[in-house]
Amino acid sequence: MMNTLQSEAAIQATKSPTIDTKLEVVVIPVSDVDRAKDFYAKLGWRLDADFAGEGWRVIQFTPPGSPASVIFGRNVTAAAPGSAQGLYLIVSDIERARRDLIDRGVKVSDVFHAAGDVHVGRDEPYLFGSVRNTGRDPAHGSYRSYASFSDPDGNGWLFQEVTSRLPGRLDTNQTTFASVIDLAAAFRRAAAAHGEHEKRNGGQHDANWPDWYAEYIAAEQSGRELPQ
C-alpha cells in the first residue's frame, strides 16, 4: 500500500508546476567588515544595504547585471574568513572584464583556459584532467576561458566567459540580457556569423537579416542549434 501511495505521489509531483526557487544571496566570511566594504565598492558593485544592530552588521553588494548578491558583516556567519572559494562571475567578454578590474586597481590573474573542467582551490584555480593553459581558449569556446582574483581575506572569485548556454540551461522561449554590453556583444557575434551566412549564399545581401540575427541570438543563448 505504501509503495502505491509513493508512486502516486511521484506521478502527481511530475504533473505539478515547479515553483521558482531563486538563488539571490551568497554569504561570504570576512575579518574586517569596512575593509571588505571598500574592496567590493572598488569593484564597481552596487551597495544595496549596510544595516547594523546590537552586536551585528549586514552589508550587501550586487555585481553589475547580476540577479544574485553577496552578504557579509559581523555575526553573519561562523565560517572562517577567506574560506569562500569557487565564486563564479559569468561574463560575456573576459578580457574586458579583466581590464575593468585592473583599471580599478584590483589584482587579477592572467586569462587562462583548460581542456578539462575547473576546480577552484584555496589559493587559485586548479584544473581537473588538464594543465592550466595561459591565454583565452583558442576556439573562444563558451565556458572555456577564466581569470581569477581574491578579496583581502582570500575569498576566491573566478571570471568565466559564457557566450552561449548548453542545451537545457535556459528557457528556450525567453531571451534576456543583463546589460547593454552583453546585448552588444551578442549582436557582434551574430554579425560575424551572418557574414559567413551571406558568403555561403553567394555573397548576396540578405534583406531579412534582422530576422536572422534575432534567431541566431535567441538560439545561441538557449543552447539550440544555430542557424546557418
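Tabulated data for the structure shown
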item: Helices (runs of 4 or more DSSP H) (entirely within region 1-115) containing at least 3 residues that are at pLDDT 95 or above and within 18 Å of the chain's Cα centre (by Cα); result: 94-103
item: From the options R188, R200, R144, residue that is farther than 17 Å from S92 by Cβ and either of a type outside the set (K, R) or at pLDDT 80 or above (or both); result: R200
item: Residues located in region 189-212, provided they are in contact (Cβ under 8 Å) with a residue 12 or more places away in the chain and over 20 Å from H140 (Cα atoms); result: R200, D206, W209, W212
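The values are calculated or read from the model by the stated rules, or taken from the named source; none is laboratory data. Since the structure is predicted, the reported quantities are computational estimates derived from the model, not experimental observations. Cβ: placed from backbone, ideal geometry, glycine included. Neighbour counts: every protein chain shown.
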